[in-house]
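Please read the structure below before turning to the comments.
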Amino acid sequence: MRVNFTVNGRPQEADDVWEGESLLYVLRERLGLPGSKNACEQGECGSCTVRLDGEPVCSCLVAAGQVEGREVVTVEGLADYAKQRAEAGCATGACGTSLQNAQGWQAKGTDSHTGEGAELSPIQQAFIDAGAVQCGFCTPGLLVAADEMLERNPNPSDADIREALSGNLCRCTGYEKIMDAVRLAAARQGEAV
Amino acid sequence: MDFLRPASWEEALAAKAEHPTAVPIAGGTDVMVEINFDHRRPEYLMDLNRVGDLSEWEVGEESVRLGASVPYTKIMENLRAELPGLALASHTVASPQIRNRGGVGGNLGTASPAGDAHPALLAAGAEVEVESVRGSRRIPIDEFYTGVKRNALAADELIRSVHVKKADGPQQFSKVGTRNAMVIAVCAFGFALHPETRTVRTGIGSAAPTPIRAKAAEEFLNAALEEGGFWDNGKIVTPSVAKQFADLCSAACNPIDDVRGTASYRRHAVGVMARRTLTWTWESYRGTRRTTEGAA
Ligand SMILES: Cc1cc2nc3c(=O)[nH]c(=O)nc-3n(C[C@H](O)[C@H](O)[C@H](O)COP(=O)(O)OP(=O)(O)OC[C@H]3O[C@@H](n4cnc5c(N)ncnc54)[C@H](O)[C@@H]3O)c2cc1C
Ligand code: FES
Ligand code: FES
């Protein structure tokens, strides 16, 4: 079957989609957006987290056919999404990242190690600055979930952060640096206002 | 496999009548796991996301009509006052991502003894509104669970909504698991005080082939509260009464040993949760009594 939906603000069409296929599979294998990770395919790890009509969901548990006509934001579109939200209040993401840009996305910067100078969203930059990325497999899901929380709750308590990220597993960091990163992003967001 | 996309409730009922083997998919948090792991290859998958009314709720005089697909997140955000037990139970389901998709209709569809909505619905009192092209009926929650992962739905029926009685007193939900998030209950307990009728109701999860009420325990406590004049005098429930209630709740269980826990642990834990939820709700009832008396 064919599925038409919006990804990172741009209309997309996926063809030859199997009826039982997940949104995660369509994003990774049909649209060339491998940012959302596949680690469990059963909703346990959160590494496939995307926003569906604004809400964080596990894309491995959404049937592709269910997203017909709906809006999806993936980690590849996060930097633009956050930028537009900051500039124009375009929180719907309707302003868009082209598929080419999203596919070609990389955290390039003048300093490839720290990512300094790269076009990152505040939450992505905070993850780098706080050293919250080790193997990085959990990172895309955490970024999407954390960014959504900061949008709703600019001044989160530690308990709020833990709650918002309770559906995302990390096997490497022990979570402390991830907590630091989200606190840092929240503090910077507060300063910017 | 075929993907059916009914755009309205009528279309959904017609599609289910035409293809009784069609598997409805709402939040997909049970269905997609089965498909991803090749445990299920339905001939037809029927998306319910397009049926808008299923995601709505209505607060009436006596009860809340909760659309089958209302996600747990919305229950927590909007219905905490009317359905405190269900809101607490919703909060313990999985993770924010899962709670944004999954809902009570899917929990009832799966009818797992470990489903967290069930103890809350049993304790509050509820009816499941189901419909087919043949007509509509309301199934009392006590009659809905018919076996391990079995429910009273006919092949052509869909769940439209759940009518849950609005709380007329304090309600609690308690769940045992290895951590706070992302945990399927080892066992769970829902408890509601109904001061208007001077009764209590219980719901036990994961400690019998289906979710159940501890009816003997309820009857015992109803009689003990009445006899002691507790509803009027607002005294602390005597420890011996609480203990007897807890023991009867344990006795109502018919658990098994499995990877999550042993039968004897489950029986014990249900007793502990019964005593605690009774204490919490009764304390809160006494508190509100004092405030209303003070105001009068
Ligand atoms: C990682 C993870 C953790 C989980 N943790 C918990 C937990 O802590 N507690 C808990 O209770 N559950 C848990 N679950 C299970 C699941 O999230 C719940 O059972 C949820 O309520 C299912 O709702 P859904 O809308 O996603 O159902 P779906 O997967 O869409 O459907 C579930 C079943 O119900 C049927 N169905 C759905 N809607 C209807 C309808 N309107 N009429 C008739 N049949 C219908 C479907 O055909 C299917 O058989 C977890 C699942 C995952 C993946
Ligand atoms: S891959 Fe979707 S939650 Fe793990
Ligand atoms: S950084 Fe490796 S899983 Fe989180």
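Read the figures in this text as sums done on the coordinates, not as results from a lab. None of these values were measured; they are calculated from a predicted model. Because the Cβ atoms are built from the backbone with ideal geometry, glycine has one as well, and the counts that use them run over all protein chains shown.
Calculate the tail of P(r) for the protein assembly as shown: the fraction of all Cα-Cα distances greater than 32 Å, expressed in %. Don't jump to the answer; show the numbers that get you there.
On the way: 54454 of 119316 pairs.
Of all Cα-Cα pairs in the protein assembly as shown, 46 percent lie more than 32 Å apart.
Top mean-square fluctuation among B:93, B:133, B:272, Gaussian network model of chain B, C-alpha springs under 10 Å?
Fluctuation is largest for B:133.
Using +1 at the Cβ of each Lys and Arg and -1 at the Cβ of each Asp and Glu in the range B:171-295, identify which of B:188, B:204, B:222 lies farthest towards the dipole's positive end.
Highest projection toward the positive end goes to B:188.
For a quick check: with amide H placed at 1.01 Å from N, whose amide H comes under 5 Å from residue A:10's, ignoring anything fewer than 5 positions away on the same chain?
Residues meeting the amide H criterion: A:97.
Starting from the Cα of residue B:265, step 7 Å toward the Cβ, then list every residue of the range B:165-184 with an amide N under 14 Å from that point.
Output list for this probe position: B:176-179, B:184.
With contacts defined as alpha carbon pairs under 8 Å and 6 or more residues apart, what's the relative contact order of the range B:129-227 in percent? Each step should come with its number before you reach the end.
Working: 140 pairs, mean separation 19.6, N = 99.
Relative contact order for the range B:129-227 comes out at 20 percent.
Hey, which of these cross-link pairs are over 31 Å Cα-Cα: B:215/B:235; A:37/B:166; B:16/B:175?
On the way: B:215/B:235 24 Å; A:37/B:166 42 Å; B:16/B:175 35 Å.
Long pairs (Cα-Cα over 31 Å): A:37/B:166; B:16/B:175.
Give the relative contact order (percent, whole number) for chain B; include only Cα pairs under 8 Å separated by 6+ residues. Mind showing how you got there, number by number?
Working: 637 pairs, mean separation 45.9, N = 296.
Relative contact order, chain B: 16 percent.
For a quick check: sort A:133, A:67 by the number of other beta carbons within 10 angstrom, fewest at the front. Can you show the working numbers first?
Working: A:133 22, A:67 27.
Least crowded to most crowded, the residues run A:133, A:67.
Neighbour counts of other C-beta atoms within 10 Å: give me B:273, A:149, B:76, B:1 arranged from fewest to most.
On the way: B:273 25, A:149 22, B:76 18, B:1 14.
Taking fewest neighbouring Cβ atoms as first place, the list is B:1, B:76, A:149, B:273.
Whole-Hz Karplus ³J(HN,Hα) for the range B:64-73, in order, using 6.51 cos²θ - 1.76 cosθ + 1.60 and θ = phi - 60°, x for Gly and Pro?
9, 9, 9, x, 4, 9, 4, x, 3, 4
Give me the one-decimal Kirkwood hydrodynamic radius in Å for the range A:3-73, with the sum taken over alpha-carbon pairs. Write down the numbers at each step before the final one.
Numbers: mean 1/r = 0.0852 Å⁻¹.
Taking every pair of different Cα atoms in the range A:3-73, averaging 1/r and inverting gives 11.7 Å.
Once phi is turned into ³J(HN,Hα) by the Karplus curve 6.51 cos²θ - 1.76 cosθ + 1.60 with θ = phi - 60°, what whole-Hz value does each residue of the range A:75-86 show in order, with x for glycine and proline?
4, 5, x, 5, 4, 5, 4, 5, 5, 5, 5, 5
If you build a Gaussian network model of chain B, linking Cα atoms that sit under 10 Å apart, which residue out of B:43, B:283, B:61 swings the most?
Top of the fluctuation ranking is B:61.
For residue A:22, what residues show an amide H to amide H distance below 5 Å, using hydrogens built from the backbone and excluding near sequence neighbours?
A:64
Please express the Cα-Cα pair-distance distribution P(r) of the range A:143-193 as a list of whole percents, one per 10 Å bin, running from 0 to the bin with the greatest distance.
Pairs per bin, as whole percents: 25, 60, 14, 1.
Let's test the formula: R0 of 25 Å, r as the Cβ-Cβ distance of residue B:179 and residue B:78. What FRET efficiency results, to the nearest 0.05?
On the way: r = 27 Å, r/R0 = 1.07.
Plugging the Cβ-Cβ distance into 1/(1 + (r/R0)^6) gives 0.40.
If you take the Cα atoms of the range B:204-255, find Rg, then find the Kirkwood Rh from the mean of 1/r over all pairs, what is Rg/Rh? Mind showing how you got there, number by number?
Values: Rg = 12.5 Å, Rh = 11.8 Å.
Ratio of gyration radius to Kirkwood radius: 1.07.
Test of understanding: express the Cα radius of gyration of the range B:171-295 as a ratio to 2.2 N^0.38 Å, with N the residue count. Please list the in-between numbers first.
Values: Rg = 15.1 Å, N = 125, 2.2 N^0.38 = 13.8 Å.
Computed over Cα atoms of the range B:171-295, the ratio equals 1.10.
Contour minus end-to-end for residue B:251 and residue B:50, with contour as 0.36 nm per residue of separation and end-to-end as the Cα-Cα distance?
Details: separation 201, 0.36 × 201 = 72.36 nm, distance 4.43 nm.
My answer for the length gained is 67.9 nm.
Select from the range A:119-193 those GluC sites (Glu not before Pro) which occupy a DSSP coil region and have at most 15 other Cβ atoms within 10 Å, ordered by residue number.
Hits after loop and neighbour filter: A:119.
Can you give the calculated 222 nm mean residue ellipticity of the protein assembly as shown, where each DSSP H run of n ≥ 4 adds -39,500 (n - 2.57) and the sum is split over every residue, rounded to the nearest 500 deg cm²/dmol? All intermediate terms of the calculation are to be shown ahead of the outcome.
Working: 17 runs with 176 residues, N = 489.
About -10500 deg cm²/dmol.
Strictly greater than 19 Å: what percent of every Cα pair in the range B:112-225 meets that? Don't skip to the end; give the middle numbers.
Working: 3182 of 6441 pairs.
So the portion of pairs separated by more than 19 Å is 49 percent.
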